Amino acid sequence: MTREYPPRPIVGIGVAVLRPGAVLLVRRGQPPSLGAWSLPGGAQELGETVEAAARRELAEETGLAVGELHLAAHVDSIHHDADGRVRYHYTILDFAARWQGGEARAGGDITETAWAAFDAFDAFDLWSEARRVIAIARRLLAV
């Protein structure tokens, strides 16, 4: 299914990887959020569970693996074109996970990774929905 002007919403997956004092962010290298900082993640593939998709996307984009995943929140990401048509539509299921070690490296369609301090989100121009998911993840994991 095409991601641009899809016939129905696409299931997206995100992972809020937390360590004491910070969350892992990635800079997007593809539309619809080209250049934006966000949580690692991507689209679920046919026949893939949401947890398998979360682990695959995290590994592809950052090289990291995590232990237990906790379903944290959902986000509707809908982008319209100038004529009001839906250009992109993702229903994103976000997970929370604790960092277990290793160095994050940009892979897949990611251009950069960064550990962002919980009080430094303004420097990353982080979307309000990403901030909301991170706050929920912090409560779930008590980080």
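Coordinate-derived values only; no laboratory data. Since the model is a prediction, treat every value here as computed from it, not as a measurement. Reconstructed Cβ throughout: ideal geometry from the backbone, glycine too, with neighbour counts over all protein chains shown.
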Exercise for the section: Take the chain, connect every pair of alpha-carbon atoms lying under 10 Å apart with a spring to form a Gaussian network, then pick out the residue of His70, His80, His89 with the largest mean-square fluctuation. Expected result: His80
Exercise for the section: State, as an integer percentage, the relative contact order of segment 39-143 based on alpha-carbon contacts under 8 Å between residues 6 or more apart. Expected result: 26 percent
Problem - Nearest 10 degrees, 0 to 90: helix 50-62 Cα axis against the chain principal axis - result: 80 degrees
Practice task
Could you check which residue among Leu46, Leu71, Leu18 shows the biggest mean-square fluctuation in a GNM of the chain with a 10 Å Cα cutoff?
Solution key: Leu46
Fill in the blank from the handout: Under the 7 Å Cα-to-Cβ spin-label approximation, Leu141 and Glu112 lie apart by a distance in nanometres of 2.2 nm
Fill in the blank from the handout: Note on segment 10-141, DSSP bridge orientation, antiparallel percent to nearest 5 equals 75 percent
Practice task
Report the extension gain between Arg105 and Ile78 in nm, rounded to one decimal, defined as 0.36 nm multiplied by the number of residues separating them, less their alpha carbon distance.
Solution key: 6.9 nm
Problem - Relative pair counts by distance (%), Cα atoms of the chain, 5 Å bins - result: 2, 11, 20, 24, 22, 12, 6, 2, 1, 0
Handout entry: Choice from Ala96, Ala123, Ala53 with maximal GNM fluctuation in the chain (Cα, 10 Å cutoff)
Key = Ala123
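Report the local net charge at Thr2: Lys and Arg +1, Asp and Glu -1, summed over other residues whose C-beta lies under 13 Å from its C-beta. Write down the numbers at each step before the final one.
Working: positive: Arg3, Arg8, Arg87; negative: Glu4.
Spelling it out: positives minus negatives among the neighbours equals +2.
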Handout entry: More than 20 Å apart - percent of Cα-Cα pairs taken over segment 1-69
Key = 31 percent
